[in-house]
Amino acid sequence: MKKLKRSILFSTLIFALVSCGEKDEISNAPTDIPTNPATPTFYNYSISTDKAIYNPGDEVIFTTNTSLPATAKVRYKYLNTVVEEVAINASTWKWKTPATDYRGYIAEVYSTSDGTETIYSTIGVDVSSNWKKFPRYGFLSKFPVLNDDAVNSVLGNLNRYHMNGLQFYDWQNKHHMPLPIVNFAPASSWKDIINRDIYLSTIQKYIAGAHSRNMKAMFYNLVYGAWDNAETDGVQKEWYVYTDNTHTNRDFHPLSSPFLSNIYLLDPSNSGWQQYIAAQNRIVYQYLDFDGYHMDQLGDRGTRYAYNGTSLNLAQTFKPFINAIKADEPQKDIVMNTVGRYGQQGIAEAASAFLYTEVWSPFDTYNDLSNLIKQNNTLSNNAKNTVLAAYMNYDLANNTGYFNTPSVLMTNAVIFAFGGAHIELGEHMLGKEYFPNSNLSMKDDLRTALVNYYDFLVAYQNLLRDGGTFNTVSLTSSDCKLSIATWPAAAGKVAVFGKKVDNKQVIHLINFTNSKTQNWRDNKGVQVSPTLVKNATLVLTSDAVVKKIWVASPDIIGGASRTVNFAQTGNAVSFILPELKYWSMVVVEY
């Protein structure tokens, strides 16, 4: 028996060695790869811009609070190409953005001494005339009396993460009458549904502050909500959703104290309700300079009925509701939440600005996140990008504590690499679907890392979120430093997938080598940080002649791109990947 076990173990070991080296596949791979330049020293000094997004030709104001050496320069890159480079002689300087619309850039502050480069700071710059092209969505959820400093502190932080749109969550009074009017003017304060005090002045400050940073302000509301006794405010019984075909029992979302009311559901396809809530929205826009309406729903309600007794498929009511509201205020943007993809197709076909998906079971794995984004691409004919509402460390958020840094970064690596964005940042980070919940805080390492991740999302948005076709690449590790497997993600592996963008083959490597879970939400916060791997020799099978290879990672030197050396013999292209921690992106240019 012991001999048999030793024999099995020996056979397994031999297989692992052969599989790791993949001798047959890479026997013709070149081995004389020139060594890459040393990785620059990176200080990660604080740096900021005055706005979250810029129009082509706008002036960007950069500020750093750290003294730079006299030799410091800044270079502005589009992908891996330097478009401009100048010396810096002050802590604040300006840059006029290029005229081309919808491009992401990275500014790298650096110096060189004796051929050795030091990078002090990096930051992304989004040059896009419309935020809907590359949405990065944040939120606001608390509207007590706030002074200007408090408002600017929140918005300044969101600006550093390049949030170009903000969802004002639960800012309203009654869902069917969101802005209360007293003596022909908005009330100075009111109660939201959970009995919190909401102040008009705070909302106004947030809207003005957002606009000064080129952020859009979107007001939140359900598409079909009414409080108790809404008929006294003009809501008709014929507009409600019913649980029976005799219009006896209205459908409602039950809420108990401290909530002020249950929420009763209206039929979004009913023209009377559409006209009623559109009129209420016009009142909101008259007094508050919101840029659009963030619509919410409650997911699949099961079998429901209209007042006349006909069966009501709520998923099919969202498209006509969106289009009716958009027609009433065509200059305003509309975003609508799909709860677990409920009604996603109709929302994608409607006049929605981009696709916003709230992720619940059964979409629990990293692979599910990638599939959701790709399915949204298909539903919108690749015309609309995706934002995922994916709440991290959900069970931990029942109590006070901290977010698990590795689980947040791993989830963002997957979402960003597949071209999505993640609504997670506001006055705090999201751990629950009730946005004011702030039980969990970010540790300093997570705060710092997320800045680099959002810089990366902006800097390389033209590869991540601007078209292209996902594909499978043949990539092997010739020195066994990485155990590579084609996506989907799997524990113990480095998951690899590709995307063809123009003349570039983009290759993403996401490191699950020592991951503890494949559940992205990581309810209990058990995920661990991947081990940093340096100088792994990789072999790419490519029938085309390679012109250039460069790499970038949000985990390394602030996302700055670097050209790497390679050698090509026939269809085998060898190169050395400088580092891989959570996520590295390799770009092969032909």
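Bear in mind these aren't lab numbers, they're just calculated from the coordinates by the rules spelled out. Because the structure is predicted, anything quoted here is derived from the model rather than measured. Glycine also receives a Cβ, built like all others from the backbone with ideal geometry; neighbour counts cover every protein chain displayed.
Rounded to a whole number, what is D in µm²/s for segment 41-127 from Stokes-Einstein with the Kirkwood radius over alpha-carbon pairs (25 °C, 0.890 mPa s)?
Numbers: Rh = 13.2 Å.
After rounding, the answer is 186 µm²/s.
Order these by the 10 Å Cβ neighbour count, fewest first: ASP289, ASP455, ASP32. Numbers along the way, then the final one.
Values: ASP289 13, ASP455 26, ASP32 7.
Listing ASP289, ASP455, ASP32 from fewest to most nearby Cβ atoms yields ASP32, ASP289, ASP455.
What's the angle, to the nearest 10 degrees (0 to 90), between helix 405-417's Cα axis and the longest principal axis of the chain?
Roughly 90 degrees, rounded to the nearest 10.
Restricting to DSSP loop positions (anything but H, G, I, E, B) with no more than 16 other Cβ atoms inside 10 Å of their own Cβ, which chymotrypsin sites (Phe, Trp or Tyr not before Pro) remain in segment 428-514? Mind showing how you got there, number by number?
Working: sites: TYR434, TYR453, TYR454, PHE456, TYR460, PHE470, PHE497, PHE512; in loops: TYR434, TYR460, PHE512.
Passing both the DSSP loop test and the Cβ count: TYR434.
Determine the gain in length on full extension of the stretch ILE283-ASP233; use 0.36 nm per residue of separation and subtract their C-alpha separation, reporting nm with one decimal.
Details: separation 50, 0.36 × 50 = 18.00 nm, distance 1.45 nm.
Net length gain for the segment: 16.5 nm.
I'm checking a number: the convex hull volume of the Cα atoms of segment 469-589, normalised per residue, in Å³. What is it?
On the way: hull volume 12.7 nm³, N = 121.
Expressed per residue, the convex hull around the Cα atoms of segment 469-589 is 105 Å³.
For an R0 of 41 angstrom, estimate the FRET efficiency from the Cβ-Cβ distance between GLN331 and THR248 and round to the nearest 0.05. Kindly include the intermediate steps, with their values, before the conclusion.
Details: r = 42 Å, r/R0 = 1.01.
Taking R0 as 41 Å, the efficiency between GLN331 and THR248 is 0.50.
Sum -39500 (n - 2.57) across every DSSP H segment of at least 4 residues in the chain, then divide by the residue count to get the 222 nm mean residue ellipticity, nearest 500.
-7000 deg cm²/dmol
Under a point spin-label approximation (7 Å from Cα along Cα-to-Cβ), what is the PHE184-ASN28 distance to one decimal in nm?
Rounded to a tenth, the inter-label distance reads 8.5 nm.
What number, in percent, do you get for the relative contact order of the chain if the mean sequence gap of Cα pairs under 8 Å and at least 6 apart is divided by its residue count?
Values: 1335 pairs, mean separation 82.6, N = 590.
Computed value for the chain: 14 percent relative contact order.
Taking a ≥ b ≥ c as the square roots of the eigenvalues of the Cα gyration tensor of segment 223-367, is the shape rounded (a/c under 1.5), prolate (a/b larger than b/c) or oblate? If you can, show how the numbers build up before the last one.
On the way: a/c = 1.44, a/b = 1.07, b/c = 1.35.
Rounded is the answer for segment 223-367, as its axis ratio a/c remains below 1.5.
What distance in nm lies between label points placed 7 Å from Cα along the C-beta direction at SER201 and THR513?
Placing both labels 7 Å beyond Cα along the Cβ direction yields 5.6 nm.
By count of other Cβ within 10 Å, fewest leading, how are HIS247, HIS162, HIS253, HIS176 ordered? Could you put the intermediate results ahead of the total?
Details: HIS247 17, HIS162 27, HIS253 14, HIS176 24.
Taking fewest neighbouring Cβ atoms as first place, the list is HIS253, HIS247, HIS176, HIS162.
Place +1 on the Cβ of every Lys and Arg and -1 on the Cβ of every Asp and Glu in the chain, take the dipole about the Cα centre, and give the residue among TRP583, MET410, VAL573 whose Cα lies farthest towards its positive end.
Of the candidates, VAL573 comes out farthest on the positive side.
Quick one: angle between helix 318-328 and the longest Cα principal axis of the chain, in degrees between 0 and 90, rounded to 10, please.
70 degrees
Cross-link partners among lysines for LYS581, C-alpha distance below 17 Å, same-chain residues fewer than 8 apart left out?
LYS481, LYS493, LYS516, LYS534
How big is the gap, in Å, between the Cα center of segment 253-328 and the Cα center of segment 361-425?
Here the two parts' Cα centres lie 26 Å apart.
Which listed residue (TYR120, ASN535, GLY559) has the Cα farthest towards the positive end of the charge dipole for the chain, taking +1 on Lys and Arg C-beta and -1 on Asp and Glu C-beta about the Cα centre?
Going by the Cα projections, it comes out as ASN535.
Please name which of TYR434, PHE318, ILE549 has its Cα lying farthest along the dipole of the chain towards the positive end, using unit charges on Cβ (Lys, Arg +1; Asp, Glu -1) and the Cα centre as origin.
Positive-most Cα among the choices belongs to ILE549.
How long is the gain from LYS432 to ASP101 if the chain were fully straight, where each residue apart is worth 0.36 nm and the alpha carbon distance is subtracted?
Numbers: separation 331, 0.36 × 331 = 119.16 nm, distance 3.59 nm.
Going from the current span to full extension adds 115.6 nm.
I need HIS422, HIS428 ordered by Cβ neighbour count within 10 Å, fewest first. Before the final figure, lay out the partial values.
Values: HIS422 26, HIS428 20.
By the 10 Å Cβ count, ascending: HIS428, HIS422.
Based on the Cβ-Cβ distance of CYS480 and VAL83, what FRET efficiency does E = 1/(1 + (r/R0)^6) give at R0 = 41 Å, to the nearest 0.05? It would help to have the intermediate numbers written out before the result.
Values: r = 39 Å, r/R0 = 0.96.
Plugging the Cβ-Cβ distance into 1/(1 + (r/R0)^6) gives 0.55.
Express as a percent, rounded to the nearest 5, the fraction of DSSP beta bridges in the chain (both residues included) that run antiparallel. Display every interim value, and only then the final one.
On the way: 87 of 121 bridges.
Given both bridge residues lie in the chain, the antiparallel proportion sits at roughly 70 percent.
Can you compute the label reach from SER441? Point 7 Å from Cα along the Cβ direction, backbone N cut-off under 20 Å, restricted to segment 378-418.
Only 392-409 pass the distance filter.
Can you give me the long-range amide H partners of ASP555? Hydrogens built in the peptide plane at 1.01 Å from N, cutoff under 5 Å, separation of 5 or more residues or another chain.
Sorted by chain and number, the residues that satisfy this are TRP583.
Extending each Cα 7 Å along its Cβ direction at ASN65 and ASN147, get the distance between those two points in nm, one decimal.
1.8 nm
Please state the charge dipole magnitude for the chain, taken about the Cα centre, from unit charges on C-beta atoms (+1 on K and R, -1 on D and E), reported in debye and rounded to the nearest 20.
On the way: 51 positive and 52 negative charges, 249 e Å.
The dipole of the chain has a size of about 1200 debye.
Once each part is reduced to its C-alpha centroid, what is the distance from segment 330-356 to segment 523-589 in angstrom?
36 Å
Taking the 0 to 90 degree range and rounding to the nearest ten, how far is the long axis of helix 366-379 tilted relative to the main principal axis of the chain, both from C-alpha atoms?
Taking Cα atoms only, the helix is inclined about 60 degrees.
With r as the distance between the Cβ atoms of THR448 and THR303 and R0 = 51 Å, compute the FRET efficiency 1/(1 + (r/R0)^6) and round to 0.05. Before the final figure, lay out the partial values.
On the way: r = 50 Å, r/R0 = 0.98.
Plugging the Cβ-Cβ distance into 1/(1 + (r/R0)^6) gives 0.55.
Whole-Hz ³J(HN,Hα) for each residue in segment 114-129, computed from phi via Karplus 6.51 cos²θ - 1.76 cosθ + 1.60 with θ = phi - 60°, x for glycine and proline: what do you get?
Listing the rounded values in order: 6, x, 9, 9, 10, 9, 9, 8, 9, 7, x, 9, 9, 9, 8, 7 Hz.
Roughly how many debye, to the nearest 20, is the charge dipole of segment 250-305 about its Cα centre, given +1 on each Lys and Arg Cβ, -1 on each Asp and Glu Cβ, and no other charges? Please list the in-between numbers first.
Values: 4 positive and 6 negative charges, 46 e Å.
Rounded to the nearest 20 debye, it is 220 debye.
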